[in-house]
Amino acid sequence: MGKGPQLATGEDARVQEKLRTSGEIPGHIAVIMDGNGRWAKKRGLPRTAGHSEGVESVRDTVEACGQLGVRYLTLYAFSTENWKRPKEEVSLLMRLLLKALRDETDRLHTNNVRIQAIGDIDALPRELQNELLEGIQRTKDNTGLTLILALSYSGRWDLTHAMRRIAREVVEHGLTEDHITEEMISSHISTAGIPDPDLLIRTSGEFRISNFLLWQLAYTEIYITPRFWPGFRRDELYEAIRDYQKRERRFGMVSEQLHGSQTEVGAGRFMKSLTGQ
Ligand code: FPP
């Protein structure tokens with residue numbers, strides 16, 4: 001039997017099928033997982049309990065995305081700014097990430113998930129780097145969901161890093177300003193070769209991008225839920241996708257251009273008559 005995600009069953013399978021037939025499943029979903037601390041505080045628990053429960057949300061979200069046929073899922077697991085948190089919390093998060101990778105890589109591999117990472121990976125503890133690189137190497141030929149972990153990542157870090165590489169190439173290959181195009185920049189950022197996110201989900205009701213994929217989110221649809229990340233499960237993922245399916249993505253154009261309506265055909269003829277082309 002070929003590799004693939006464990007299939008959804010019962011009512012969940014029916015909900016997933018309905019989502020697939022009612023519209024497009026976003027190819028790339030990015031998530032700002034926020035509110036672990038507040039979730040814990042509300043329950044009189046230490047912040048660390050929120051992070052641990054957050055791993056359960058990651059597990060459920062990854063599984064549901066794989067089953068639905070989402071191609072890429074990017075999770076903002078640790079930002080450049082998160083290094084400024086108390087030392088104990090940083091250390092706990094690093095251990096939690098290490099444990100999650102150790103515990104989950106086998107299952108991810110069986111479910112045909114390909115692991116990738118973006119961010120300043122060299123800044124992570126050596127043990128975590130090794131586990132991550134091993135997971136990436138082991139799952140690199142998988143053809144299902146690509147799970148991208150943003151670790152020690154920030155959008156500004158990404159762009160700065162890309163600009164440095166471009167500057168080096170300008171010097172080494174004598175490039176001119178015409179060589180600097182949007183495509184060139186896209187091919188130098190950490191997500192080179194990966195389509196931009198179609199949908200960004202942010203939990204805990206904050207209306208911010210928080211230095212996430214600044215370049216890549218240019219035309220991404222945003223879904224914000226008041227739920228804290230540890231309380232996020234696949235039902236809310238489905239709700240985000242339903243909401244996404246109702247949106248009209250115009251990429252700066254007008255609605256008629258997208259739908260090829262009579263108005264557009266008429267407008268096209270009118271333009272032709274003016275330009276003679
Ligand atoms: C934000 O909540 C969450 C984080 C900084 C860490 C997210 C990490 C996990 C869920 C751990 C597991 C991840 C993977 C990929 C296995 P917060 O601490 O900022 O919450 P607050 O805003 O309520 O304080």
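Distances longer than 17 Å among the Cα atoms of region 115-160: what percent of all pairs is that?
36 percent
Taking 0.36 nm per intervening residue step and subtracting the Cα-Cα distance, what contour gain separates Glu239 from Glu56 on full extension? Mind showing how you got there, number by number?
On the way: separation 183, 0.36 × 183 = 65.88 nm, distance 1.85 nm.
Additional length available on full extension: 64.0 nm.
Give me the percent relative contact order of region 1-100, please, defined on Cα pairs under 8 angstrom at least 6 residues apart.
34 percent
Using the Cα atoms as the points, what is the convex hull volume per residue of region 61-103 in Å³?
Measuring per residue, one finds 78 Å³ for the Cα hull of region 61-103.
What distance in nm separates the simple spin-label points at His179 and Arg85, each placed 7 Å from Cα in the Cβ direction?
In this crude label model, His179 to Arg85 measures out at 4.1 nm.
What's the angle, to the nearest 10 degrees (0 to 90), between helix 234-246's Cα axis and the longest principal axis of the chain?
Between helix and principal axis, roughly 10 degrees.
At His161 and Glu24, where each label point lies 7 Å from the Cα along Cα→Cβ, what is the point-to-point distance in nanometres?
The answer from the label model is 2.8 nm.
If you take the alpha carbon radius of gyration of region 170-268 and divide it by 2.2 N^0.38 Å, what ratio comes out, to two decimals?
Ratio of Cα Rg to 2.2 N^0.38 Å: 1.48.
Restricting to the chain, what percent of DSSP beta bridges are antiparallel, rounded to 5?
Around 0 percent antiparallel, to the nearest 5.
Could you work out how far apart the two model spin labels at Gln257 and Glu206 are, taking each label as a point 7 Å from the Cα in the direction of the beta carbon, and quote it in nm?
Computed distance between label sites Gln257 and Glu206 equals 3.5 nm.
Working out 0.36 nm times the residue gap between Lys246 and Arg138, then minus their Cα-Cα distance, what length gain in nm do you get to one decimal?
35.1 nm
Taking a cut-off of 14 Å, what percent of all Cα-Cα pairs in region 58-136 are separated by more than that?
65 percent
Would you report the distance distribution of C-alpha pairs in region 1-90 as whole percents per 10 angstrom bin, up to the bin with the largest distance?
Pair shares across the bins are 14, 36, 29, 18, 4.
For the chain, take every pair of Cα atoms, bin their distances at 10 Å starting from 0, and report each bin as a whole percent.
P(r) over the chain, rounded to whole percents: 6, 25, 32, 22, 10, 4, 1, 0.
Quick one: helix 126-139 against the long Cα principal axis of the chain, what's the angle to the nearest 10°, folded into 0 to 90?
Computed tilt is about 50 degrees.
Given a Förster radius of 35 Å and the C-beta distance between Thr9 and Trp215 as r, what FRET efficiency does 1/(1 + (r/R0)^6) yield to the nearest 0.05?
The pair Thr9/Trp215 has a calculated efficiency of 0.35.
Read-outs: derived from the displayed coordinates by stated rules, not from any lab. Just so we're clear, the structure is a prediction, and the values are computed from it rather than from any experiment. Because the Cβ atoms are built from the backbone with ideal geometry, glycine has one as well, and the counts that use them run over all protein chains shown.
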